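Data first, discussion second: the structure below is written as structure tokens.
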Amino acid sequence: MYNDNPTLEGVVKVIKEERQGEVFFKESAQGLTSSDSKHFYIESYGCQMNFSDSEIVASILAGAGYQPTRNLEESDLILINTCSIREKAEDTVRKRLKIFNQIKTRKPGTLIGVLGCMAERLKAKLIDQEKLVDLVVGPDAYRDLPKLLIGAEEGEKGINVFLSREETYADISPLRLGSNGVSAFISIMRGCDNMCSFCVVPFTRGRERSRNAYSVVAEATDLYQKGYREITLLGQNVDSYKWENPETKEVVNFAQLLEMTAHVHPDLRIRFSTSHPKDITDEVLHTMAKYENICKYIHLPVQSGNSRILQLMNRTYDREWYKERVDAIYRILPDCAISSDIIAGFCSETESEHQDTLSMIEYAGYSMSYMFFYSERPGTLAAKKYPDDIPLKVKKSRLAEIIELQSKVSLRKNKADIGRTFKVLIEGDSKKSDQDFKGRNSQNKMIIFPKKGSYQPGDYVMVKVHDATSATLKGSIVD
Ligand code: 5AD
Ligand code: SF4
């Protein structure tokens, strides 16, 4: 329905700047200055899935005659795609909403909408109690936006937080607003059925459902033809991807989907996130080994290194199981990098249980981790069953120890790459200098290197590493 919007394609140039999970559109639609068209501004928070959803929303709005802008003052519609995963994420959104409302006082008629997980969690409360917004739209209701907008323009408050068992937006071609023209996200499934006890996602994003495998391959092919060279397949738990062709009854699992996308073109790199330790199979690992263009990098959140805590978290694996999966990865993919998500100070965690998490960082040799202290979320299993009894000070000091150890392990791992040569996909100029390029190797490590010859973003180059910090590698192009 919203496929390929020719009026926007090719003329919209928007640069993404990531700052603590936010995206600002740095340039508005170039050449699209018609004063009578309406403009929307969208800001995204949280996981990659939210950034990907914002591109679906942008496509739907383009179909309804709205153009993107980075200029808040110029926008007729301000949208914020929100995250509920931790209390802090919600606090940030509330602060932004206050700022948007100041703009609205200066420019009455501007509409403000909350999308995503906070919309789903707080529903009408966002309109009734906080009085900050005109529209509240949950993750499965974005197709309803044009209709809700018409109502909102007439002064009605619009809300749709219906969670679907089917919606995958498979037919919508995302408008790649924040793109560097080289890498893009493809959402392959929605929702989550896991019910980890700390997590609000199953309540805000609903039941798990997988997207038509052929629509994923078609999107990947289209991106390749437009010059993209890297796609990341997104899902809360990609390993449980399972799509049944309603006509042939053929079933496609995640390993098979990986293989199908790897065949799109040998120069199209395939990445994916997030893997679940209970579901990642040897079949997936062997498929990764078989194709050079499937990146040797797995984000495999452990959450805790202690079996009792993992059970309270309802992760459905224990320490031994996780270690076995790590062993299998390094056995089948010796050059693979693994990263993790870690929560410090979950309910009733003892000091020695915390030590188990530290030792897991060493055991798994994570290249990097996303690290948090536990934040109780209303409505989750943990909030209902377990007291949030670790004092904030203890949570924070455990988190500091986790961060310190992880940065030591990252530095050690990166130093071991000095002297090695990697195939790197050029993403663009480095942040610090336009004389340098930045790009990633298969293991998802960022490498900075001086420009040379006529290489451009989207090209592959061989880079020899000569220096390393805990966050980046430095090198130079070798011919
Ligand atoms: N508190 C702290 N961290 C959380 N995460 C999810 N829920 C919570 C919570 N209540 C973390 C997990 C998850 C990542 C996306 O966010 O580590 O993998
Ligand atoms: Fe949340 Fe667990 Fe689902 Fe991840 S797998 S989204 S942590 S419930």
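Mind checking which residues of the stretch 404-438 are hydrophobic (A, V, I, L, M, F, W, C) and under 21 Å from Arg269 (Cβ atoms)?
Scanning the stretch 404-438 gives Phe422, Val424, Leu425, Ile426, Phe437.
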Problem - Selection from the stretch 191-218 of residues that are open to solvent by 20 Å² or more (accessible area, probe 1.4 Å), assigned to a helix (DSSP H, G or I) and away from ligand 2 (no atom under 16 Å from the Cβ) - result: Tyr214, Ser215, Val217, Ala218
Practice task
Show the residue pairs that are 6+ apart or on different chains and have beta-carbon atoms under 7 Å apart, the first residue being within the stretch 339-362 and within 14 Å of ligand 1 (Cβ to nearest atom) and assigned to a loop (DSSP other than H, G, I, E, B), the second being charged (D, E, K, R) and open to solvent by less than 50 Å² (accessible area, probe 1.4 Å).
Solution key: Gly345/Lys395; Gly345/Arg398
Practice task
Report, by residue number, each residue of the stretch 329-356 that is open to solvent by less than 20 Å² (accessible area, probe 1.4 Å) and within 16 Å of ligand 2 (Cβ to nearest atom).
Solution key: Ser339, Ser340, Ile342, Ile343, Ala344, Phe346, Cys347
Handout entry: the stretch 430-451 - residue that is touching a Gly at 6+ places or on another chain (Cβ under 8 Å) and not aromatic (Phe, Trp, Tyr) and, of those, surrounded by the fewest Cβ atoms within 10 Å (Cβ to Cβ)
Key = Met446
Fill in the blank from the handout: Picking from Glu120, Glu156, Glu166, the residue that is acidic (Asp, Glu) and buried (at least 22 other Cβ atoms within 10 Å of the Cβ) would be Glu120
Practice task
Starting from residues that are in a helix (DSSP H, G or I) and open to solvent by 20 Å² or more (accessible area, probe 1.4 Å), keep the ones in the stretch 123-147 and report whichever is farthest from Arg190 (Cα to Cα).
Solution key: Asp128
Practice task
Check Tyr460 against each of (1) touching a strand residue (DSSP E or B) at 6+ places or on another chain (Cβ under 7 Å); (2) modelled with pLDDT under 95 and name the one condition it does not meet.
Solution key: (2)
Problem - Which numbered condition Phe437 fails, given (1) outside the structural domain of Gly345 (by TED's automatic domain parsing); (2) over 20 Å from Ala337 (Cβ atoms); (3) more than 24 Å from the chain's Cα centre (by Cα) - result: (3)
Exercise for the section: Scan the stretch 452-468 residue by residue and report those that are open to solvent by 20 Å² or more (accessible area, probe 1.4 Å) and either in contact with a Cys (Cβ under 7 Å, 6 or more places away or on another chain) or aliphatic (A, V, I, L, M) (or both). Expected result: Met462
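If only one of Gly178, Gly158 is touching a Leu at 6+ places or on another chain (Cβ under 9 Å) and either within 15 Å of ligand 1 (Cβ to nearest atom) or under 24 Å from Phe40 (Cβ atoms) (or both), which one is it?
When all the criteria are applied, what remains is Gly158.
Out of Tyr330, Tyr366, which single residue is modelled with pLDDT of 95 or more, within 14 Å of ligand 1 (Cβ to nearest atom) and not in a strand (DSSP E or B)?
The match here is Tyr366.
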Handout entry: Boolean, Val252 is within 16 Å of ligand 2 (Cβ to nearest atom), in the same structural domain as Thr274 (by TED's automatic domain parsing) and open to solvent by less than 20 Å² (accessible area, probe 1.4 Å)
Key = no
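Table: residues versus (1) crowded, with 22+ Cβ neighbours inside 10 Å; (2) within 16 Å of ligand 2 (Cβ to nearest atom); (3) closer than 30 Å to Asn237 by Cβ.
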position: Val57; (1), (2), (3): yes, no, yes
position: Pro68; (1), (2), (3): yes, no, no
position: Lys88; (1), (2), (3): no, no, yes
position: Lys98; (1), (2), (3): no, no, no
position: Leu115; (1), (2), (3): yes, no, yes
Practice task
Please state which one of Leu177, Leu163 is within 15 Å of ligand 2 (Cβ to nearest atom) and assigned to a loop (DSSP other than H, G, I, E, B).
Solution key: Leu163
Practice task
Scan Lys242, Lys278, Lys296, Lys290 and give me the residue that is in contact (Cβ under 8 Å) with a residue 24 or more places away in the chain, open to solvent by 20 Å² or more (accessible area, probe 1.4 Å) and in contact with a Phe, Trp or Tyr (Cβ under 7 Å, 6 or more places away or on another chain).
Solution key: Lys278
Problem - Considering residues of the stretch 265-294 that are part of a loop (DSSP other than H, G, I, E, B) and of a type in the set (A, V, I, L, M, F, W, C) only, the residue nearest to ligand 2 (Cβ to nearest atom) - result: Ile280
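Please tell me if Ala471 is closer than 19 Å to Gly365 by Cβ, small (Gly, Ala, Ser), touching a residue at least 40 places away in the same chain (Cβ under 8 Å) and surrounded by fewer than 21 Cβ atoms within 10 Å (Cβ to Cβ).
Judged against the criteria, Ala471 is a match.
Matching residues to (1) within 16 Å of ligand 1 (Cβ to nearest atom); (2) in contact with a Leu (Cβ under 8 Å, 6 or more places away or on another chain):
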position	(1), (2)
Val201	yes, no
Ser210	no, no
Val216	no, yes
Ala220	no, yes
Leu223	no, yes
Tyr228	no, yes
Leu234	yes, no
Asn237	yes, no
Practice task
Report yes if some residue within the stretch 174-182 is surrounded by fewer than 19 Cβ atoms within 10 Å (Cβ to Cβ) and farther than 22 Å from Gly116 by Cβ; otherwise report no.
Solution key: yes
Practice task
List every residue pair whose Cβ atoms sit under 6 Å apart, with the two residues 6 or more apart in sequence or on different chains, where the first one lies in the stretch 115-133 and is under 22 Å from Tyr41 (Cα atoms) and the second, anywhere, is of a type in the set (Ser, Thr, Tyr) and in a helix (DSSP H, G or I).
Solution key: Cys117/Thr204; Glu120/Thr204
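The values are calculated or read from the model by the stated rules, or taken from the named source; none is laboratory data. Computed from a predicted structure; not experimentally measured. Glycine also receives a Cβ, built like all others from the backbone with ideal geometry; neighbour counts cover every protein chain displayed. Heavy atoms of the whole protein, side chains included, go into the accessibility calculation; ligands, DNA and RNA do not. Shrake-Rupley method; radii C 1.70, N 1.55, O 1.52, S 1.80 Å.
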